[in-house]
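Asker: The structure's right below; bear with me while I get my questions together.
Please treat every number below as a calculation from the coordinates, not as lab data. Values in this document were obtained by computation on a predicted structure and should not be read as measured data.
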Amino acid sequence: MASDHAISLTQTKFVHTNNDLHEQQQATLEVVEAIDYSKRSQWLRAAVLGANDGLVSTASLMMGVGAVKRDIKVMILTGFAGLVAGACSMAIGEFVSVYSQLEIEVAQLKRDKERGNGRLREEEYEKEKEGLPNPLQAAAASALAFSVGAMVPLLAASFIRDYKVRLASVLGAVSFALAVFGWLGAVLGKAPALKSSVRVLVGGWLAMAITFGLTKLIGSSGL
């Protein structure tokens, strides 16, 4: 009887220990997923959205110029100028934005350290500070992502002399890239992939159509 009772207690402790370990593992996984998702969302904004901006803005510029100028050289130069200007604008805007965020978070850490009476020790303060966003990295990521997106319409139009085929090539390449970027952003952000792809695709089409139509209208009016 005593032996049976000891075995029962051992089994109970073993099950209890397994349950505790399982709960700890689940809690750890939840924390890791939350941290990964938070970091992932920051890079999504700089990467996927930056690439979408480069793709749509450069393609719209090229389509707009293509509405009044059939020369391939003019179209390529316009796209290249849009790439450089857009990448610089994205980099500067991201740097200013992230640097402002960094100053706010550093100031808050200092206030917590001074108010906490040891609550936030020096090593913890340094560790928290190391985890803050880097303005230069964010600027470089935004510029690179914009450039990658802008290269799609440029490459699609570079070697096609025929005017109509060139416009169709740009439209097809940009449409495919928009759908891919929309799907990628949805998958990484855990959102519905089809809705995201359609939304991004339709938005890009509207931007190109409006730019093409208005430029054609103004160009035909002789202004």
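Asker: How would you classify the stretch 69-113 from its alpha-carbon gyration tensor, with a ≥ b ≥ c the square roots of the eigenvalues: rounded for a/c under 1.5, else prolate if a/b is greater than b/c, otherwise oblate?
Answerer: In terms of gyration-tensor shape, prolate.
Asker: Something else: If the viscosity is 1.002 mPa s and the temperature 20 °C, what translational diffusion coefficient in µm²/s does Stokes-Einstein give for the stretch 46-220 when Rh comes from Kirkwood over Cα pairs?
Answerer: Working: Rh = 18.1 Å.
Diffusion coefficient, whole number: 118 µm²/s.
Asker: Now, a different point. Of the lysine pairs in the stretch 46-220, how many meet both conditions: Cα atoms under 28 Å apart, and a spacing of 8 or more in sequence or different chains?
Answerer: The number of close lysine pairs in the stretch 46-220 is 9.
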